[in-house]
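See structure below.
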Amino acid sequence: MGGQYRITGDKYPRMRRPRGRRRLVFLVVASVTALGLVGWGTLQLIDVFTGKGDKATAAGTKGDCTSEVGPSAKATTASTAAGTLPRPGQITVNVLNATPRSGLAKQTADELKKRGFRIGDVGNATATYDKKVNGAGILLGAKGAAQAALPVLGTQLSGAEVKTDGRTQADRVDLIIGTAFKSLTKKQDADKALATLSGPRPAASASPKSC
């Protein structure tokens, strides 16, 4: 194989991919990316000018801020509950004496009547409580009276224990006088306590959650 058969110049076969094809692929990818960015930017501008972005933000903020119940909602609930308390004239009180002192039930019943309560039975306590109440007294009523009649009656006797039983009549409750009983709460103090209990409680101003 002499030198006359050597391949020279550009007649030698090229083994690498032409550079022009790489440039073409790069340009296509760059063009597609640029078009995508332009389209996205256009959509953002449309949302800004049409107000859709603000609506979406407002909707998201509303969802985040109302997910929890704040103190204002609790205060409103408490105020509503307080507004449903019965007045003394709507409550019938059975005054029962569980102490050895005679005449205590009638004396207490007369004072409660002066303060506006209706009086039911007056007499000695049943065997379940007779001589077995060591405190100032027990306020006993239906479960439905626990957040109604019993708290109202409780303003008249500080330190009384509150209990519920199986009765269904929520507006008729018992005041069982215990051995530590001296007298009902002074009328002036009882009236203040009753006004605080039954009067509307100011609802706290709304405090939306910071978003």
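Every number in this text was worked out from the coordinates using simple rules, so none of it is lab data. Please read these numbers as outputs of a predicted model, since none were measured by experiment. When we count neighbours, we look across all protein chains shown, and the Cβ atoms used for this are built from the backbone with ideal geometry, even at glycine.
Ordered by packing density, taken as the mean number of other Cβ atoms within 10 Å over each peptide's residues, highest first, how do 145-157, 111-123 rank?
Packing proxy ranking, top to bottom: 145-157, 111-123.
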Computed on Cα atoms, the radius of gyration and Dmax of the stretch 91-191 in angstrom are 12.1, 34
How much length is gained on full extension from K187 to D165, taking 0.36 nm per residue of separation minus their Cα-Cα distance?
5.1 nm
Given K114/K182; K143/K187; K106/K131, which pairs have Cα atoms separated by over 21 Å?
K143/K187
